[in-house]
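Engineer: I have a structure I would like to understand better, so I am pasting it below and will then ask my questions one at a time.
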Ligand code: HEC
């Protein structure tokens, strides 16, 4: 019985984790790709105009916490907001997208 419970917990965890990973890439495609590009390189019209960094190179240096902060608080250059905060994303969404960003490299 104990073994079965452990197995169930492990399966549930795997399923949840995969669902999150999927959501992360879906949200990125919907909310972020128009600037950062689906591949994260920022080679879109908007990305070039706004001088988006290549997230495939920079994400690891920026780190998970700051990637999450970028979505929650937005990104400013001086006084200018260059990326607005994504207030509609839940905490779980933010974490899933940050994880996705870190896989872009
Ligand atoms: C309107 C265009 C735009 C959209 C949409 C956008 N960003 Fe950005 N983002 C920028 C710009 C401009 C910067 C500042 C330049 C840079 O750091 O690349 C930036 C910076 C960042 C950074 C770097 C922050 C730092 O501390 O250096 C991360 C991470 C990031 N964005 C993630 C995201 C994610 C995830 C989404 C989707 C939820 C998103 N962005 C949507 C334009 C955008």
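Values quoted throughout were computed directly from the atomic coordinates according to the rules given, and no laboratory measurement underlies them. Only a predicted model underlies this, so the values are computations on that prediction, with no experimental measurement involved. With ideal geometry, Cβ positions are generated from the backbone for all residues, glycine too; neighbour counts draw on all protein chains shown.
Engineer: Could you work out how far helix 91-103 tilts from the main Cα principal axis of the chain, as a 0 to 90 degree angle to the nearest 10?
Structural biologist: Helix 91-103 and the main axis of the chain meet at about 80 degrees.
Engineer: Okay, moving on. Select from 72, 84, 34 the residue whose mean-square fluctuation is largest in a Gaussian network model of the chain (Cα-Cα springs shorter than 10 Å).
Structural biologist: Result for the chain, Cα springs under 10 Å: 84 fluctuates most.
Engineer: For residue 8 and residue 53 in one chain, what is 0.36 nm times their gap in residues minus the Cα-Cα distance, to one decimal in nm?
Structural biologist: Length difference between fully extended and current span is 12.0 nm.
Engineer: How long, wide and thick is region 2-103, going by the Cα atoms along their three principal axes, in whole angstroms, largest first?
Structural biologist: The Cα atoms of region 2-103 stretch 56, 24, 24 Å along the principal axes, largest first.
Engineer: Relative contact order, percent, of the chain when contacts are C-alpha pairs under 8 Å separated by at least 6 residues?
Structural biologist: 29
Engineer: If you average the C-alpha positions of region 31-63 and of region 67-92 separately, how far apart do those two centres end up, in angstrom?
Structural biologist: 14
Engineer: Additional query: Among 41, 80, 95, which one shows the biggest mean-square fluctuation in a GNM of the chain, springs joining Cα atoms closer than 10 Å?
Structural biologist: 80
Engineer: Quick check on region 55-105: take the gyration tensor over C-alpha atoms, sort the square-rooted eigenvalues as a ≥ b ≥ c, and tell me if it's rounded (a/c under 1.5), prolate or oblate.
Structural biologist: oblate
Engineer: Under a point spin-label approximation (7 Å from Cα along Cα-to-Cβ), what is the residue 69-residue 91 distance to one decimal in nm?
Structural biologist: It is 1.8 nm.
Engineer: Related question: With springs only between Cα atoms under 10 Å apart, run a GNM on the chain and tell me which of 37, 47, 78 wobbles the most.
Structural biologist: Of 37, 47, 78, the Gaussian network model singles out 78 as fluctuating most.
Engineer: What angle do you read, to the nearest 10 degrees and between 0 and 90, between the alpha-carbon axis of helix 64-73 and the longest principal axis of the chain?
Structural biologist: Result, in degrees: 60.
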